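Please treat every number below as a calculation from the coordinates, not as lab data. The structure displayed is predicted, hence computed values, not measured ones. Please note: Cβ atoms are built from the backbone with ideal geometry, for glycine as well, and neighbour counts cover all protein chains shown.
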Amino acid sequence: MAHALRDRIDEIGPRNILPEPRINSIHEADISLRGIYEISKVLTAPARLEITIANVVNTLSSVVQMRHGAIVVLNAKAEPEITATAGSSHPPQSGIGRAIPQAAIDRIVATGAPLVIHDVSKSELFQADFQPASSGDTIPIAFIGIPVKAEHEILGTLSIDRVDDEISSPCDKDVRFLTIVADLIGRTIRLHRILSMDQQRFIEEQRRPEKWLDEERIDPAQHVKVDGIIGESPALKQVLETVKVVARTNSTVLLRGESGTGKEFFAQAIHKLSPRGKKAFVKLNCAALSESVLESELFGHEKGAFTGAISQRAGRFELANGGTLLLDEIGEISPAFQAKLLRVLQEGELERVGGTRTLQVDVRLICATNKDLETAVLDGEFRADLYYRINVVPIILPPLRERAGDIPRLANAFLDRFNKENHRELAFAPSALDLISQCYFPGNVRELENCVQRTATLARSRTITPSDFACKNSQCLSSLLWKAGYRSHGRNAVDELSRRDTMPVRRIGAPEGEVSPVKVVYPNDPACPAIGPHLTERDRLTDAMEKAGWVQAKAARILGLTPRQVGYALRRHGIEVKKF
């Protein structure tokens, strides 16, 4: 039996064990596997993307029957970024003038499917690049184009062309093979781009501390510019530098200053310069709402929570999630609501009015007030625990009288805005700018803006002169503020002024809470600070020293201070005492 089987095998022979077509299929499959293996080695080799793509095209020419091959990598705008070609150059009768026509690329990208053309001379996609032979005998050229994809995103195209005959005519197995190769190329392109982005991010993070150090060596006025904040005075530069540093963190900021100093603009500056700059900036004036309405505005409410709540509404905390929330006039909220607000600030959790579900919020809080919170805490009007919660980084905004050099810049900016809104071409005369630069402006920037707008509205000519201002016509309404004075030590300044013609002001070098009565002056009085010369604390100190012959004891009597306080003020302002 065994001898019979051996004789039969010898009779058939080893070459006749498998049919010829099957032998060819196995051979082609082996070539395809070897080709994918070789291409995979090229794609995983450490090299720049353009070199890797070029090596893939060269390797592809030894695996697939083709005359010419091309890989085109597209950028984010679907424009060719990298083009790698391989194969013989195209003679004129070949019908192809360049690697791959843009029309063919657009078709592949638009459809996201393979493009097979048996004769490019008969395709409208290749008409612009097709150059027929002079003899009129054009060789049929077939084209196969495959989209290069990764994560459902088309990153480029892979294409080959070859002579179209019965043997080498495009078939399904070529499309399947090239589709596999295109998929591997797409994954490689995506990996290179991810690594490039990570590397760029790493470089930026490494350079960021150096960048901060470089910025600190530069004058803040050269690099800290914020929309809506105008000025070059030292007081403003110092605040802007603090804003720049504070903006990098998520610390709670308390903006303090007189009314009209631009607290909202500084809050927007902190938000824009922070990592949350692209998120929402939400603001709310706490003094304009009652306690019940304020709770609904901040925390939101559920449908039916109260009369008129016809639908669910998100509060300001939810709207500012991931961004910044400005609570203006924080010192005006009631003690009962202060306790509710404190829980949100401590836990980062809230519940809508009428709801039971606890919501998590991530909000950078900025508070603003012109109220004396310390006195309010002592009087029991403001919770001490809430005060410490919001007073993490206090920033005191300078009043306009401490940045008189910025008045001309602000006035011109307000006048430019008025001209644009009213289609006029007004301008300040130099004497007019000199006049308002000496004004006191108790209402700060807001009052200056109103003054400019009022003067521009009533101006009779294109050039605004000093005679156009209300203070020159005894119509300056700021005099009412000077007559009323300020509140101090819990007493009503209006009542005091009705009994005596004085108002409390702070003396040079005196402690923060110490005030002295000073005679009230009126707008038509040359001594009125609203129209008189603007003197800083340093100027008044220098003037007193000159009047006293640079004797500190005499200057102290003129200023109502002790010689020790005068000496301290001289050192603080860097004033050198003259000796005779």
| said: If you take every residue apart from Val109 with its C-beta less than 15 Å away from the C-beta of Val109, what net charge results, scoring Lys and Arg +1 and Asp and Glu -1? | reply: -1
| task | Work out the P(r) tail for segment 535-580: percent of alpha carbon pairs separated by more than 12 Å, whole number. | result | 53 percent
| request: Give me the distance in nm between label points sitting 7 Å out from Cα along the Cα-to-Cβ direction at Ala339 and Glu421, one decimal. | output: 4.4 nm
| Any idea what the dipole of segment 535-580 comes to, in debye rounded to 20, about its Cα centre with Lys/Arg Cβ at +1 and Asp/Glu Cβ at -1? | 180 debye
| note | Expected sort for 408-415, 192-199, 266-273 on mean C-beta neighbours within 10 Å, highest first, is 266-273, 408-415, 192-199
| message | I need the peptides 76-87, 445-456 ranked by packing, meaning the mean over residues of other C-beta atoms within 10 angstrom, with the highest value on top. | response | 445-456, 76-87
| field | segment 300-432 pair-distance distribution - Cα-Cα, 10 Å bins, rounded % | value | 10, 27, 23, 19, 16, 5, 0
| field | Burial ranking of peptide ranges 184-190, 31-37 (average Cβ count within 10 Å, highest at the top) | value | 184-190, 31-37
| Under unit Cβ charges (Lys, Arg +1; Asp, Glu -1), what dipole magnitude, rounded to 20 debye, does segment 234-398 have relative to its Cα centre? | 820 debye
